[in-house]
Each structure stands twice: as C-alpha cells, then as structure tokens.
1. When ranked by the protection proxy of mean other Cβ atoms within 10 Å per residue, highest first, what sequence do the peptides B:52-59, C:6-13, B:85-92 form?
2. Of the residues C:65, C:24, C:46, which exhibits the maximal mean-square fluctuation in a Gaussian network model of chain C defined by a 10 Å Cα contact cut-off?
3. Taking only DSSP H segments of four or more residues, each worth -39500 (n - 2.57), what value at 222 nm results for the protein assembly as shown once the sum is divided by all its residues, to the nearest 500 deg cm²/dmol?
4. For the Cα atoms of chain A, what angle does the longest principal axis make with the long axis of helix A:13-24, in degrees from 0 to 90, nearest 10?
5. Identify which of A:53, A:36, A:20 has the largest mean-square fluctuation in a Gaussian network model of chain A, with springs joining Cα atoms closer than 10 Å.
6. In degrees between 0 and 90, to the nearest 10, how far off the longest principal axis of chain A does helix A:39-51 point, with axes built from Cα atoms?
7. Would you mind ranking C:100, C:31 so that the residue whose beta carbon has the fewest other beta carbons within 10 Å leads the list?
8. In vacuum, with every alpha carbon of the protein assembly as shown counted as one equal point scatterer, what does the Debye formula give for log10 I(q)/I(0) at q = 0.08, 0.13, 0.16 Å⁻¹? Two decimals, please.
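Taken together, the values in this text are just the output of simple stated rules run on the coordinates, not laboratory data. This one's a predicted model, so the numbers in the text were calculated from it and none came from an experiment. Here Cβ is always computed from backbone atoms with ideal geometry, including for glycine, and neighbour counts include all displayed protein chains.
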Ligand code: SF4
Ligand code: FES
C-alpha cells in the first residue's frame, strides 16, 4: 500500500474534499493542518513545499514519492492504481 | 454624459509641503489631496480594496501604498499597479490665487 | 459584529474588486458561503481576510499577497484555471464551477513553457 501524507488547512474546502476522497476509498492517510501546527512543523512543511517547487497552496498531497498539489481525484486515483 | 464642473475649495497651497498629503471631507466625499513636485493631486481617500483610508498610507513619488494590505496606486491616474483595471477615483485640481480647488464632478469620481 | 453581517460586507466590497478583473462570485453558493465564513473568522483572528486555502509565512510581503481577493497577484495562473485557487471567484462566463480543476502553479508554469 502506498503511503499517503497530506498538508492541509483547517479552513480549506478542497482539503476536506481530498480527505473525503481517501476515506471513501478506504485509504489510510496522515495529515497536518498547517494553520494549526506549531512553528517548527510549519517551517518543515514550508521547506517540503519549496523542495517540491510548490507554493503553499493546499491541499498538498504526497503519494509515496509523487506530489499532487490541489484537489485532483483523477490524479489521486491514477497514482493509487484505483 | 458630461457633468457640470463643480470646483470646491480644498486648501491653501501653503497647507501642504511637497510629498505631503491631507484627507478632507468635501461635500461628503472623502478626498485625499496630495502635493508632489509642486503639483496638486486629489483622489478618493478610500482604498478600492477594503476602503481603508489612503491618507494613512505611505507616499513615494507618485505611488501611494495603502496602510492596510499594501496595495499601491499611482496618484496621477488612480491605477492600481498590480491590476490597472482597478482604480481609485481621481479628481481634477487647479490652483487659483494660492488656493487649491478640486473638481468633484470629474468623470470617474465616486463616493 | 456578527459573522453574517461581515460576510455581507466582504461580499459587497470584493465583488467591486473582482468585477473589473473579469471575475464573479462562484455560482456554487454553498462554497461561497463557507469560504466567506472562513475569511471572517480569519479576519477576526489575524486582522485581515487571508486566503483560506493558501499558507501564510508571517512575512508581510508574502502574506499581503494572500489577502482576498488575491487575483491581482496571481492573475495569469488563475486566468488559466478560470477560477481562483479557492474557487471563491470564477470567470464571469463560468456556469459549472465543478468542471474547473485546480492546476498547481508548477503545472501551470510548465504548460506555459
Ligand atoms: S484564492 Fe480566491 S479565495 Fe483565496 S484569497 Fe485568492 S481570491 Fe480569495
Ligand atoms: S484596504 Fe487598501 S490594500 Fe486592502
């Protein structure tokens, strides 16, 4: 099973839809709400986004080594082989 | 339709030094009068973003920066530097006998 | 001030800002209401209605470009999507906002090349 890790905001509707997508497909995932995180976590998230040449636009979804920025169910499905 | 001119006394030329600005209430319009390189300019004092008073912002040459979220406008045409379609309404000015007048009926001027 | 009232005020002010840029509020009323509610809460907490879908860094120059509507600072990218990142605003001719996907900045820049 591929590992799914997500950076999200507690205020972002597309983050909620992304979470819902993985839940509905019974795919376990970890997530961190950037706006609720402590300063060190925030910094780490920011660096991770920058390392992937991305602005901090959420949701930021990592599926193993692949990154999808934004709510894009087709891409999630493809990367997961659904 | 071209409206009638409506020249209103704003202030004395001595009231403003170069690079200075002053908010005024002219016939219920919040107007910001500025003096740059000897010329007088007048514009609405309300930022088109969220209506913050531009009079509290910073002026650098012809560019005024809103104190609230740093949107920058050219005081000559009122254009927002990052999207010219957005403008602060501007008013025509003229100086007569050491007095500055503002034409409140300029096209594009709003309340 | 209660949230409903402030939401109405933001709606009035922001529609005047986005209109000359070719945008309107999304026809997805539920989404619009949800996002405005978030912005009102963010404004209460942080002083400005920052974007509910993009991260702040604490640096003024960066964060001020994420006060809603942030369209002027992301114009080309949003024009390509025909919506803003959150989807609060869409191009005026958009009737079915659900058909507009989010395209990351990176993908947008690559497609442009
Ligand atoms: S992405 Fe949309 S909702 Fe978010 S700040 Fe920009 S214009 Fe506003
Ligand atoms: S109110 Fe002027 S920049 Fe926001």
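1. Working: B:52-59: 18.0, C:6-13: 14.9, B:85-92: 20.0.
Packing order, densest peptide first, comes out as B:85-92, B:52-59, C:6-13.
2. C:46
3. Numbers: 8 runs with 86 residues, N = 306.
The helix contribution divided over the protein assembly as shown gives -8500 deg cm²/dmol.
4. 40 degrees
5. Highest fluctuation among the options: A:53.
6. Roughly 60 degrees, rounded to the nearest 10.
7. Working: C:100 15, C:31 18.
Exposure proxy ranking, most exposed first: C:100, C:31.
8. Taking Cα atoms of the protein assembly as shown as identical point scatterers yields -0.44, -0.95, -1.26.
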